Structure formats: structure tokens, C-alpha cells
1. Can you run phi through the Karplus equation (6.51, -1.76, 1.60; θ = phi - 60°) for the range B:19-35 and list ³J(HN,Hα) in whole Hz, with x for Gly and Pro?
2. Among A:PHE88, A:PHE60, A:PHE153, which one shows the highest mean-square fluctuation when chain A is modelled as a Gaussian network with alpha-carbon springs under 10 Å?
3. If R₀ is 51 angstrom, what is the calculated FRET efficiency for the pair A:ILE44 and A:LEU92, using the beta carbon separation as r and rounding to 0.05?
4. A:ILE150 to A:ALA18: FRET efficiency via 1/(1 + (r/R0)^6), r the Cβ-Cβ distance, R0 60 Å, to the nearest 0.05?
5. Counting other beta carbons within 10 Å of each residue's own, what order do B:VAL119, A:VAL149 fall into, fewest first?
6. Modelled label-to-label distance, A:SER210 and A:ARG109, 7 Å Cα→beta-carbon offset: nm?
7. Could you tell me the ratio Rg/Rh of the range B:166-234? Both radii from Cα atoms, Rh via Kirkwood.
8. How large is the convex hull of the C-alpha atoms of the range B:171-286 per residue, in Å³?
Amino acid sequence: MNGTPRRRGWEGITDRPAWAFWILAGPFFAGLVVFGHLPLLWSIYLSFFEARNTVTPTEFVGLANYARMLTSRAFLDSLLTFTLFALFVVPLTFALSLGLALLLHRARRARPLFRTACFLPAACSYVVAALVWRLTIFNGLPSGLANTVIGHFGAAPIAWLAVTDPPWYWPVLVSLRLWLQVGFYALIFLAGLQRIPHSLYEAAYVDGASPGWTTFRHITLPQLRATSIAVLLLNLIAAYQAFDEFYNLLGADGTYPPYARPPLVYLYYTALGSGQDLGRGSAGAVILALLIAAVTLVQGRLLGIGRGPR
Amino acid sequence: MSAAGRFAGRVPRVTVGAVVLYATLTLVALLFLLPYLLILRNALSTDADITSPGWSPLPRELDWGGFAALFSGRDPLMATGLRNSAVVAVLQTAGRLLVCSAAGYALARVPYRHAGKLVLVVLATLMIPAAVTFVPTFVVVSSLGWVSSWRGLIVPGLFSAFTAFLFRQYFLAFPRELEDAARVDGLGYWGTYWRVVLPNSLPFLAAIGLISFVESWNSFLWPLVIAQDASMWTVQVVLSTHLTAQTADLQGLFASAAVSVAPLVLVFVLLQRHIVYGATEAGIRR
């Protein structure tokens, strides 16, 4: 084609666009269908059946599973738990990582050193972080790190994860996620800051603006718009899928307390725990998938994703 | 630090602002490193010292018993878990790079008439993160008979729509001249991809590979669901089992945690540049 030399054998076959396309992309799309699309379709199917302990159910129940999920106190509570978690985590992560990025951006010397230190928590798994948080920082003993610190201010030791009123487990959950992800988002902000042209600031100084809040508000923040939206939504979607730290901080011996169950923890125990109710679990998965698709659609709108490289 | 500071030239001046800046950064850095220090401290302290009243930042007395026990095989689950995690993370990363880079190249460069529609399929799949559908995925994988198997642990993670999309975006910006030269030399699309494009994309492959490895090594929910037989547990599942059962010895647990996290910390320190590149690409392109 197009006057290029004729190829023989393998090179000839892989020169025909349709063949070449499916040789290159076939394995990926086959896998995507089997492990991505088929599960979703199957779960839509399962969600209309009574499916306890089976994946090939026979008893059609219509929308009953959905009705049960949407009126289930436990499921709605899990959405509430996620909302509460996101309300703490998302704004705090945003503010702290932007602040950290501004500091790193100003540090001319030893920046790589500080950058490494801030980024290092991202190497840690949520399981290991939960281990540290649960067994040594917030272990509830008077000798635990958190209790030692508040002890210096004269406060009595707190049993952290074991207290539900007031819910002291929340600072434990939130601080863990902040530690793990603030540095990562700070680096994304730092990359955004480094792309802002210097000339913008210089022009502002020539016009008499003083560095500080004014230039931050009128130059830095608007220039970071795309990065900010990306950080907010990445963060929101990540919080939506929170499972590891909840399971490992609050779970004990295969059980989990009835409170503070985010959606995935709730689904885990409904579908794969003692209930093995795959019909209801599937209905829950479909509802969650729809919710998250709605969020991502908004993200796509805001960012114009898929319009090719920027 | 101000405009004056920025344009002051080469003579370094110590200002109050700079002192505050570096003091704050040092404090933050120490705070970020603290949990790692705690893992090491506890791994090198006896259980009695870990829980004894009065907090101390360093081990009261160095005790290597935790690491010794780990490597002498007193906790066979942990040794198996580390091995399983290594196998899964290496194979999953290699497989994902291969499968997704090939798909990304096809989507970016092969003039197939349905390619545009298939890009939309990938984008639509991106909207629903795999973790949300773990129950249905478990249903499919278990009906293939893959529960507690290498296949079950590794294969479902190979087909990341996100990774394929990143590769497509990267290949769209790949210099066309190199490919044209390869095609004039008689290579088909496969040959161009395999012999010219991939070898010239090593930094990008390294960046995506590292992120993929970390994700795979640290993943918890899927291994927890699919590896029902203890012999197939990854290190995260073993750690979690000990943690939630509240039975294991503290020192041993922290020694295991240290060993499980050490390779990644090392990789992060040594290859920081690649990881930051990959992470910011991934974060911004997403």
C-alpha cells in the first residue's frame, strides 16, 4: 500500500491493517471482554435473580435485589460512610498537597532530597500502613505514639480504634490515607507548577503586583485548574474504592464491626462473607458502577479527556 | 523568599523566609519518614520493649530475633507470601506491559477502520474502576475454575484499560520519521512495533512498569478474594491475616512488614526520576 515495498510472509500479513490491528490489540480486547465487560454483564444478569451460593441461578426476582439494596439500611450507611470519608480526605489532601508542592517549588536547594522523602509513603501498601497505625501509633496503650503526644498536652490516653462514641477511629483512618497519598498528589501539583511560564509572574511584577496571595490567586491557581480538577477527582474515586485500610484497621478475625463500612467492605461481606448473596452483591456492584460512571463522566466533561495529547 | 530573592543573582543570602521554608520542609520530611522508622524500630525491638511504658524513638536494645525468625522459616506462610508476591508482581507487570503497549500502539497507529470506535470502548471501560466490580469478576474467574491459582491471581490484572490508554497517548506523540524508516525497510506493523518503537520507548516502559509493579505488589483486595488457599496468599494477605487475627508476635510482624516494603522503598529511592515521570504522566493524562 501507498507505494511502500511489498512484504512477504509474516511482514506481509502484519502489514494489512485489519490483521495487524488484531494481532497487536487482540489479546488486550479479548481480556478486556472476558475480565472487564463479561463480569459486568453477568452481574447485571445475576442482579435480577435470587443467587445465594450460586452463579447460575434460576429464580428470577426482577428488581427485588435492587429494591432491597436501595432500602437496606446497611447499604445506605455504606454510602454515608464513603461520603463522610471523602468529606474529610478530599479537601485535606487537596490543601496539604498543594501547600507541600508550593514549598517544594520554592526550595531551590536539596529539592530532590525533600521530594524523595515526601514521595516515599507512596511505596507503602495500605496493609503495612494499617499495621503501623493500628499496632504502634494508635494502639490505644498509654505508651502508643499518639497517646504519648497528646499526653504532653495533658490529655488522657484514648483507645482510638476501640471507641465509637466519640468516633475516634476517624482520625486514624483519615491520617493513614493522608500520609500515604499527600506526597504523591504534591508531586502532581509540583509538575503543574513547573509548567507555569515565569513570564506570567514577571509581567505581574512589572504591573506592580507583589508576590504572595495576589499572584497565587490570580496566576498560580487559574494556571493549575486542570491539575486541580484531576487531583480532586482521582482522589474522590480512590476514596470511593477504599477497602484495604478499613478492613485492616477495624476488622478482627474475619469479622468487621457494623459501623464504618465503606461500599466495598459492605459488598465484600454481603457477596463473599457468610451471606454469599451474589444476587444482592451484584445489584450493589451495578449501583456503585453507575454512580462512579456518573462521576467520571463529569470528570471527562471538565477535563475534555480523550481529545488526544495535550 | 520574594521577587527580590529570586532575582538577587548568584550570591546566596540567608533570609528568614528561607530558614522557615527549610525548617518546615525538614519537619514534613521527618513526619513522612516516621512510619518507616517505626517499622524498623519495632522490627529490632522485643515485644516487651515495643509495648513497654514510655515511648522511645529508637530500640531500647537492638534485637535481630525478628529478622532471624523470618529467614529461618519459623513463619512459612510469610516466606511463601513473599515468594508469591514476587512471582505475581513480576509476571503481571511484564504481561501488562506487553499486552497493553501492543494494544496502545495499534490504537494509535494502525489505520484500521474500527480503531476509533475501539478507542471509545477503552475510554468507556475506564469509567468503571476494576475494584468496584470485584464481585462480578470473582464470579467469572471462579467459574473458570481459577480460584487459588496463579492464573486467577495474575491474568485478570493484565488487561488494564488505563495502561492501554496511556500507551496510546504516548505513541500518538511518538516521532513518525522513525516508523516511516522502518516501513521503508520492509517491516510490517508488528515488526515496526517490536523492533523499532518498543526499543525506542524504554524510559516510558520503565516508568509504567515501575508503577505497575508497585500496584501489583501492594494490591490487597483481589488476592484476598481469589487466593482462598493459604499456599497462594500474597505477602499483603499474610500480613493482613496476622494483623486482624491479633495473634502473631509484634516483632515478627514488623520484621515481615520491613522486608515486604524494603524492595519498593529501595526502588523508589534509586529510580525516583522514572517513577515521578510515570506518576505525573498517569496522574495528569488520566
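1. Once rounded to whole Hz, the list reads 4, 4, 4, 6, 5, 4, 4, 4, 4, 4, 4, 4, 4, 5, 7, 3, x.
2. Between A:PHE88, A:PHE60, A:PHE153, it is A:PHE153 that shows the largest mean-square fluctuation.
3. About 0.90, to the nearest 0.05.
4. So, using R0 = 60 Å, E works out to roughly 0.35.
5. By the 10 Å Cβ count, ascending, the order reads A:VAL149, B:VAL119.
6. 2.7
7. Taking Rh as the inverse mean 1/r over Cα pairs, Rg/Rh reads 1.23.
8. In the range B:171-286, the Cα hull volume divided by residue count equals 156 Å³.
Computed from the coordinates by the stated procedures, all read-outs in this text should not be read as laboratory data. Note that the structure is a prediction, hence the values are computed from the model and not measured. Reconstructed Cβ throughout: ideal geometry from the backbone, glycine too, with neighbour counts over all protein chains shown.
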